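Written out below as structure tokens is the structure these notes cover.
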Amino acid sequence: MRRHIHFFLVFITLACVGFVFNSYWSAIFPRNRLSITQVFPDLTHSLQHSPKPTSESQVGSPILSSSFLPEGYNFNKDQALTLYQLELCKAAKYGPKNGALDCPDPVCLGCITREYIERAEGVQNSLKDAELREARESLIHRWFPEHGSTVVVVGANKHFERFVFNFECALRSRVLNSTDKLLLVAADEVIYKHAKARGIKVMNPVDLGIPQIEEENHPFEDSLILLIAAAHELISMGYNVVMQDADVVWIKSPLWIFDQPTLKAIDMHFQLAATWDARGVANTAFIMARSTNRTLLFLKTLLKVSCIIYWQHDDQIVWNTMLRHYAFDQLNWQTLPRRYGSKSMNEGGGQFLDLHTKDGKDGTASWIDEGTVVLHATEDRKEEKLRLTGNWFLREDERCDSSVR
């Protein structure tokens, strides 16, 4: 009898523990999450009646366990998740706490000014404007006639134009055969006119919906959002895209990554950021985005919530918050290998990021060797860092210095 009572008490205890655990688990991971079939209702029928895919053009399902689109399913390029569906500020509470999106409103809108919302909507509306879109697509087809090729997109305003021109000169001086792939998305009329005079393929900010203001300092966030908009449009047209900051320099061409057979299942490659806070490990200074429907859905959604970038004055925290979001669990992304300089160089502000893995030991940049692929000058004194390491190619008269290799 005593044994039966003992077993009964153990059973009751375990049942109570299970109930408490289940309640706690449900609070953290609610079951009423938005399913992909709620967002894309026509998927249910397609998934139940889908023969095996037969062509590579079907690769890139939005958020599905399969890497292939069901035959007959037409992905709507205008579909995107919204702030109300994602609840990013609520989702941020379950990720890294340091530097996380902090707003009592689950959808973040309660903390974002109307000016920021309207500025972001200007870009979104330009993508919907049939006349503007036709003009941009005509330019893109003329500039990049090879369908499915790669476009290297840089977004910048007038304050970063010297870095854009330095990058262009680096491509020429190192004969990386990529100058014809370069596209500048200008955030103001000044850099637009100067880049056009140099013969760089450049998009006018007006054509991408950014309202021009008379202030001396144009918002830096404009260039971040225009970069996303341009990449989204290019990917929707079938191009692979390299998205990068103006202060990035190539030592070698990284474009082989798009052609590597073992990497073709990866939607996006990011330079690694060695941080463990909410800004995340995906460094948005250098991104390689493959033309798939998963990438397209992610970028379209990122553009839809881009008012948060104005609010945060930073894009990396928004990218990484979305990359951690359960809605994009099946977006295939990875970080590229990197290495740090020595501790003394970092303390002097001379940190560089690249795609190699071997540390330098002598406090210099001697670790920039034949294995280095891409360098990103971080923090301040960017031009000085690039000069000191032999990666500045722009002369004072703004012509390319052919003596630098």
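For segment 269-307 versus segment 120-140, the inter-centroid distance based on Cα atoms is 22 Å. Near Leu302, once Lys and Arg are set to +1 and Asp and Glu to -1 for all other residues with Cβ below 14 Å from its Cβ, the sum equals -1.
Any idea what log10 I(q)/I(0) is at q = 0.18 Å⁻¹ for segment 77-195, Debye with uniform C-alpha scatterers and no solvent? The Cα Debye sum returns log10 ratios of -1.09. Once the Cα-Cα distance is subtracted from the 0.36 nm per residue extended length, the Arg381 to Val190 segment shows a gain of 66.5 nm.
Working from label points 7 Å from Cα in the Cα-to-Cβ sense, the Arg399 to Glu121 distance is 5.0 nm. Rg of the Cα atoms in segment 273-325, relative to 2.2 N^0.38 Å, amounts to 1.12. Our summary gives segment 104-190 a relative contact order of 27 percent, counting only alpha carbon pairs under 8 angstrom and 6 or more residues apart.
Within segment 87-142, the proportion of C-alpha pairs whose separation exceeds 15 Å stands at 65%.
Charge tally around Trp256: other residues with Cβ under 14 Å, Lys/Arg +1 each, Asp/Glu -1 each, net +3. Here segment 186-300 has an Rg and Dmax of 15.7, 49 Å, counting Cα atoms alone.
Pairs over the 30 Å Cα-Cα cut-off, from the set Lys97/Lys264; Lys90/Lys201; Lys93/Lys201; Lys128/Lys158: Lys97/Lys264; Lys90/Lys201; Lys93/Lys201.
Every read-out reported here was derived from the displayed coordinates using simple, explicitly stated rules and does not represent laboratory data. Note that the structure is a prediction, hence the values are computed from the model and not measured. So basically every Cβ, Gly included, is an ideal-geometry build from the backbone, and we count neighbours across all protein chains shown.
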